[in-house]
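Worksheet: the structure to be examined is printed underneath.
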Amino acid sequence: MRGSELAVICLIAGAAGLLLASLSGDPSLVFVGVLAGVITGLVPGLHINLFIPLVGGMPALVAGIAVSHSFFDFVPAIMVGAPDEASALSVLPAHRMLLEGKALEAFRLTISGGLLSGAIAVALSPVMGIALGARWLVPPVLIFSLIVMLGSSRRKLPTALVMLASAILGAAAFRESHGIPAILSGFFGVATLLFSLATRAKAPPQQLCSSTIPTSRSVVLGALAGWIAGIFPGISSSVAAAMVSPRMRHKEFLALLGGTNTVYAIAAMMALPLLGRPRSGAAIAISPLHPSLPFLAGLSLSALAFSAFLAWVLSRGIVSSFNRIDYRLASMAALAIVIILNSLSGLWPFLLMAAASAVGFAALHSGARRSACMASLIIPVLLYYLA
């Protein structure tokens with residue numbers, strides 16, 4: 001996707017979103033929310049749930065923050081390997097592209113995937129409730145994703161051991177309010193940073209031109225996975241992406257994950273008028289106001305357009321700035337931030353993070369599929385649905 005093509009899509013989507021939202025309320029604060037989401041997305045470990053309760057009485061502001069954050073939280077994951085819960089899986093292909101000098105392409109793949117999948121999700125939002133009838137499909141799909149995860153690995157025994165250890169840690173993490181972010185930080189953040197420091201990995205100068213054309217499959221599956229995560233309880237965007245993406249190439253997977261992340265932010269809010277139940281911190285914050293589906297659809301569409309355009313415009317500057325930073329020092333700083341934030345959550349989250357880091361590091365060292373660490377979420381969720 002070229003910048004001019006993205007700009008046209010953003011212009012059309014933004015105008016349609018503002019028009020739709022203005023029929024039911026005031027959408028002007030959505031732009032302020034998008035700017036706030038840039039900040040929360042760029043700072044590793046800074047979650048939007050820390051701020052959204054403060055602005056819960058302003059749905060336009062909440063929607064802007066939630067959607068914008070879903071675009072910009074890929075930057076720490078791609079550039080220094082410090083993801084949050086939603087962007088954890090992006091570390092695997094994005095780190096490879098970073099070491100190939102293609103960080104800009106990786107970021108723009110997530111942007112274009114988020115924009116296109118998000119537009120599809122908003123357009124088809126009136127029929128999202130139909131998916132509730134497919135709840136029985138979740139267990140077999142989760143089982144299939146585990147089978148594919150193990151079967152497609154060249155190192156089956158190490159991968160199986162990683163899945164087992166991850167599942168045990170996941171079961172423990174679900175009992176702690178900060179447990180899931182802690183283990184995902186360990187599996188995909190701390191382990192990656194430690195391995196890079198231990199092997200003295202060096203990021204080459206990043207190319208400042210890119211060709212990003214997401215496949216139709218990644219766009220459609222990104223919208224589907226985001227809906228799944230937004231509607232069904234217990235399924236995060238990372239789990240949903242793992243469910244629908246067996247044997248995807250890394251560029252296609254990045255576009256899918258960008259779509260899943262953004263659509264989840266949108267679908268979790270739209271579940272409020274569709275299902276009568278909030279599915280995210282953003283939805284909980286605006287639930288007392290009982291916003292209508294057209295109003296939320298309009299806010300989401302306008303936030304989607306402004307966020308994608310802003311992310312695309314800033315992407316070159318962000319990557320260009322990285323070329324002037326010492327990669328080793330940046331990794332050490334990101335590692336310190338992740339460890340400190342998990343330490344502030346308490347002793348148990350810190351211990352979970354440390355154990356998950358050891359499992360993630362062992363996966364890297366043994367050649368096991370590190371995506372097998374997603375068994376930490378998939379298996380407990382599977383048990384939840386079977387029960």
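Taking other Cβ atoms within 10 Å as a rough exposure proxy, 96, 154, 369 sort from fewest to most as 154, 96, 369.
For residue 202, a cut-off of 23 angstrom between C-alpha atoms picks up these lysines, skipping any fewer than 8 places away in its own chain: 102, 251. Rounded, prolate or oblate: which one fits the range 1-45, using the alpha carbon gyration tensor with axes a ≥ b ≥ c (rounded when a/c is under 1.5, else prolate when a/b beats b/c, else oblate)? It is oblate, given that a/c is not under 1.5 and a/b is not larger than b/c. Seen from every direction in turn and averaged, the convex hull around the alpha carbons of the chain projects onto 16.6 nm². Sorting 348, 227 from the fewest to the most surrounding beta carbons within 10 angstrom yields 348, 227.
Exactly which chymotrypsin sites (Phe, Trp or Tyr not before Pro) in the range 297-387 are in a DSSP loop and have at most 15 other Cβ atoms within 10 Å?
On the way: sites: 306, 309, 312, 322, 327, 350, 361, 384, 385; in loops: none.
Here no chymotrypsin sites (Phe, Trp or Tyr not before Pro) fit, given the DSSP loop and packing criteria.
Look at the dipole of the chain built from charges on Cβ: of 27, 364, 333, the Cα furthest out on the positive end belongs to 364.
State to the nearest 20 debye the size of the charge dipole of the chain about its Cα centre, where the only charges are +1 on K and R beta carbons and -1 on D and E beta carbons. Before the final figure, lay out each step's value.
Working: 22 positive and 10 negative charges, 217 e Å.
The dipole of the chain has a size of about 1040 debye.
Residue exposure proxy: 374, 243, ordered by other Cβ atoms within 10 angstrom of their Cβ from fewest to most, comes out as 243, 374.
For every helix of n ≥ 4 consecutive DSSP H residues, a contribution of -39,500 (n - 2.57) applies; sum these over the chain, divide by its total residues, and give [θ] at 222 nm rounded to the nearest 500 deg cm²/dmol.
Values: 18 runs with 266 residues, N = 387.
Mean residue ellipticity, 222 nm, calculated: -22500 deg cm²/dmol.
Since every read-out is calculated from the coordinates, none of them should be taken as a lab result. Because the structure is a prediction, the values reported are computed rather than measured. We place every Cβ from the backbone using ideal geometry, glycine too, and count neighbours over all the protein chains shown.
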